[in-house]
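Enquirer: To start, I am sharing the structure in question, which I have written as structure tokens.
What follows is calculated from the coordinates using simple rules that are stated; it is not laboratory data. Please read all numbers here as calculations on a predicted model, not as lab measurements. All Cβ positions, glycine included, derive from the backbone under ideal geometry; neighbour counts span all protein chains shown.
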Amino acid sequence: MELNGKDKSDSPSDRVTLKKEIGLLSACAIIIGNIIGSGIFISPKGVLEHAGSVGLSLIVWVCGGGICALGSMCYAELGVTIPKSGGDYSYVTEIFGGLVGFLLLWSAVLIMYPTTLAVIALTFSNYVLQPAFQNCVPPYLATRLLSTICILFLTWVNCSSVRWATRIQDVFTVAKLLALGLIIAVGLVQICRGHYDALRPSQAFEFTRDPSVGQIALAFLQASFAFSGWNFLNYVTEEVVEPRKNLPRAIYISIPLVTLVYTLTNIAYFSSMTPEELLASNAVAVTFGEKLLGVFSWVMPISVALSTFGGINGYLFTSSRLCFSGAREGHLPYLLAMIHLKNCTPIPALLVCCGATIVILCIGETHNLINYVSFINFLSYGVTIAGLLYYRWKRPNLLRPIKVSVLVPISYLVFWAVLLGFSLYSEPVVCGMGIVIMLTGVPVYFVGVHWKNKPRCQNDMLMTFCRLRIDTDKAAD
């Protein structure tokens, strides 16, 4: 392994970097593979519950994709203007300074990405085990054990080879698109047969409760969980071949494709299930398969398991790069900036992501976790896109290969402010906990990062460990 022990004044050639092995196809696979994970199989229930009607829930899905498109255009500009791995964290640190960047990093490493990984892993295990427990919920211990095994296996793959990890992502991205393609195709057949009562305008907008702005905001938060991951290619910018060309291309191809697939998938769900049946289902795709596929209903849980397996791999791949970038900037222990000399993989960062996810697996339930993650996600998106406007004012003459219209970030921020405001009003405890989690990073920053004159023994112990690891790896080679 190799350790970045340099300070931030080092030249770019002295910084620890990772190989450029991600082409346009793999870049699209990373975006699509990270977005399409467990969300489309979990969130339809939450979106419908808060929207109150089929018609409004479909509008939320379409608008959610539109908002992601606006955000991704802003991230495309940031990605080619500040070509660093680390995504939101790297941009905010560059624009606003260390404290704000550290708070984003702290909330992401502590809760956001481990929680998202835990949710996807639990969905994977639930769908794999569902055929064996058809008339009941799979046992708590069994789902946790299978989720842990899956995360440990994919952590090993990511530690072993970047190429293996990206190939898994490519293959399972195709598999998950085929799974959703099957749902869409069966749904279209149902519609052609005249089974679309829930989609008729007269019934689609029959509300189960009086709609409120707060509930619609929570519906958008549920949908945003399904779309989360649209910015993840920015976390591996330094590994993208020709990032100024391939980063925006991958974004512009992937986001519209995912929005179309999500909308058609929800239409397919409503072609075979009443709103009441969808709300009562704990595994929407399995219920869909049982109603329409007969003896081939086993195809659905396997397809969803493949989809979520690829999602876990994608989140591990990208979230570990966030830890790596944070350590390289001095905001996390330098140990996490170590990479394997031969494999060029950030093994310590991957192990931290794996360990944090396993801890979250043992303490949380799926739907509560989604609300925490969605709020913190949206908070970080808004801060980052506000940074784009500030950076234009702060450095107007900086070369920007891509420069979006100023209306794009402003439109996103208006929606962002309304959504977060009403979410905070409707769920003050959940959203307030998200803010508290983020602010706990303030004392950590001042003690761990801002305080420069730490005891010498601490640094000596770390450097001794690093030398031992380097000697061990050289001996192994």
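Enquirer: Taking a ≥ b ≥ c as the square roots of the eigenvalues of the Cα gyration tensor of the range 120-192, is the shape rounded (a/c under 1.5), prolate (a/b larger than b/c) or oblate? Don't skip to the answer; put the middle values down first.
Expert: Details: a/c = 4.60, a/b = 1.18, b/c = 3.88.
Oblate shape, in that a/c is at least 1.5 and b/c is the bigger or equal ratio.
Enquirer: For the chain, give the magnitude of the charge dipole about the Cα centre (Cβ charges: +1 Lys/Arg, -1 Asp/Glu; no others), in debye to the nearest 20.
Expert: Working: 32 positive and 26 negative charges, 229 e Å.
The calculated dipole for the chain is roughly 1100 debye.
Enquirer: Let me ask something else about it. Suppose every Lys and Arg Cβ carries +1 and every Asp and Glu Cβ carries -1, with no other charges. What dipole size does the range 185-257 come out with about its Cα centre, to the nearest 20 debye?
Expert: Values: 6 positive and 6 negative charges, 41 e Å.
With only Lys, Arg, Asp and Glu charged at Cβ, the dipole is about 200 debye.
Enquirer: Another question about this same structure. Work out the P(r) tail for the range 367-438: percent of alpha carbon pairs separated by more than 20 Å, whole number. Mind showing how you got there, number by number?
Expert: Values: 1014 of 2556 pairs.
So the pairs more than 20 Å apart make up 40 percent of the total in the range 367-438.
Enquirer: Also: Which order do the peptides 197-207, 409-419, 158-168 take when ranked by the mean count of other beta-carbon atoms within 10 Å per residue, highest first? Don't jump to the answer; show the numbers that get you there.
Expert: Working: 197-207: 13.6, 409-419: 17.5, 158-168: 19.1.
Result, highest mean Cβ count within 10 Å first: 158-168, 409-419, 197-207.
Enquirer: Here's something else I'd like to know. Could you state the principal axis extents of the C-alpha atoms in the chain, from the largest down, to the nearest angstrom?
Expert: For the chain, the Cα extents along the three principal axes come out at 71, 51, 41 Å.
Enquirer: Please list, in order along the range 150-155, the HN-Hα scalar couplings obtained from phi with the Karplus expression 6.51 cos²θ - 1.76 cosθ + 1.60 (θ = phi - 60°), rounded to whole Hz, x for Gly and Pro.
Expert: 4, 5, 5, 5, 5, 5
Enquirer: Also, quick follow-up: For the range 219-235, what does the Karplus curve 6.51 cos²θ - 1.76 cosθ + 1.60, with θ = phi - 60°, yield as ³J(HN,Hα) per residue in whole Hz, taken in order and with x for Gly and Pro?
Expert: 5, 5, 5, 5, 5, 5, 5, 5, 8, 4, x, 5, 9, 6, 5, 5, 6
Enquirer: Another question about this same structure. Residue by residue through the range 113-126, what is 3J(HN,Hα) from phi via Karplus (6.51 cos²θ - 1.76 cosθ + 1.60, θ = phi - 60°)? Round to whole Hz and write x for glycine and proline.
Expert: 7, x, 5, 4, 4, 5, 4, 5, 5, 5, 5, 4, 5, 4
Enquirer: How would you rank 327-339, 394-406, highest first, on the average number of other Cβ atoms within 10 Å across their residues? Show your work: numbers first, answer last.
Expert: Details: 327-339: 22.4, 394-406: 11.5.
Packing proxy ranking, top to bottom: 327-339, 394-406.
Enquirer: What order, most packed first, do the peptides 211-220, 226-235 have when packing is the mean number of other Cβ atoms within 10 Å of each residue?
Expert: Those peptides, ordered most packed to least, come out 226-235, 211-220.
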